[in-house]
Amino acid sequence: MPRDQARAVPTSRHSPPDQDDPALPYRDNLRLLAAAQGSRLRIVARLAPGPRPRALLLAVRHPTDPAARVDLGLDRLRHADLPAGAAAAPAVAVPAVDGAPLHLLRRRVHQAVSGGRPVLASTRGGAGDGDRLRRNGLATAAALLGELHAAAADRTRDAFGRLLPADPDRFARAWLAAAVYTETVERALCADGWGAPAPQVSAARP
């Protein structure tokens, strides 16, 4: 697709929750903009990290009034706002992408925030997820996932069989390493999808 062209596809897959809220006009606005095929629009968008190049539209210049701006999540477009002759666009099937299954690690990072270490300690170590990550060449992600589960379940006992206090530092380090890795790889995949140089990450000196 040429760099100055884009296709508006109203889909809920991988979209932020607020953009799927039926009370907001976001998806209806995308459907109308998809009908204005061939129109030139100046847009404000946010790149979505992932293996497939995607940009989430936030605002656009009005299709027929160059001086007006449209917040796609707040302002509601009407058919009368489209250029004359605009017709409904045919349904577009969004192809599934068999990309890196980084969501397996991202999901555990999010679960640690919402449910704490007990949630991860009860998921049987995530061995199946780790194997899938390794099969897809993500050995580092698999190792980080394994350490995150191990740190969550790390409860040793003393000589009398009593549970010792959990090591919060180990779990914090495991979570932070997994979170930073996930964000860095997602940004690199996003940059690669758009043909941009991958962001450089410099290691912090001790």
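The values are calculated or read from the model by the stated rules, or taken from the named source; none is laboratory data. Everything numeric here is computed off the predicted structure, so don't read it as measured data. No Cβ is skipped: glycine too gets one built from the backbone with ideal geometry, and neighbour counts run over all protein chains shown. For accessibility, only protein heavy atoms count, side chains too; no ligands or nucleic acids. Shrake-Rupley method; radii C 1.70, N 1.55, O 1.52, S 1.80 Å.
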Can you name the condition, by its number, that Ala159 falls short on among (1) open to solvent by less than 80 Å² (accessible area, probe 1.4 Å); (2) part of a loop (DSSP other than H, G, I, E, B); (3) at pLDDT 75 or above?
(1)
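I want to confirm something. Restricting to segment 134-156 and keeping residues that are assigned to a loop (DSSP other than H, G, I, E, B) and under 17 Å from Ala100 (Cβ atoms), which single residue is least open to solvent (accessible area, probe 1.4 Å)? Can you show your working first?
If we filter segment 134-156 for residues that are assigned to a loop (DSSP other than H, G, I, E, B), which is where we start, we get 136-138, 153-156.
When the remaining residues are screened for being under 17 Å from Ala100 (Cβ atoms), the result is 136-138.
Details: Asn136: 77, Gly137: 64, Leu138: 24 Å².
Once the filter is applied, the top-ranked residue is Leu138.
Answer yes or no: is there a residue in segment 120-135 that is of a type in the set (D, E, K, R) and touching a strand residue (DSSP E or B) at 6+ places or on another chain (Cβ under 6 Å).
Checking segment 120-135: not a single residue is of a type in the set (D, E, K, R) and touching a strand residue (DSSP E or B) at 6+ places or on another chain (Cβ under 6 Å).
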If you go through segment 166-181 one residue at a time, do you hit one that is in contact with a Gly (Cβ under 8 Å, 6 or more places away or on another chain) and either at pLDDT below 80 or among the small types (Gly, Ala, Ser) (or both)?
no
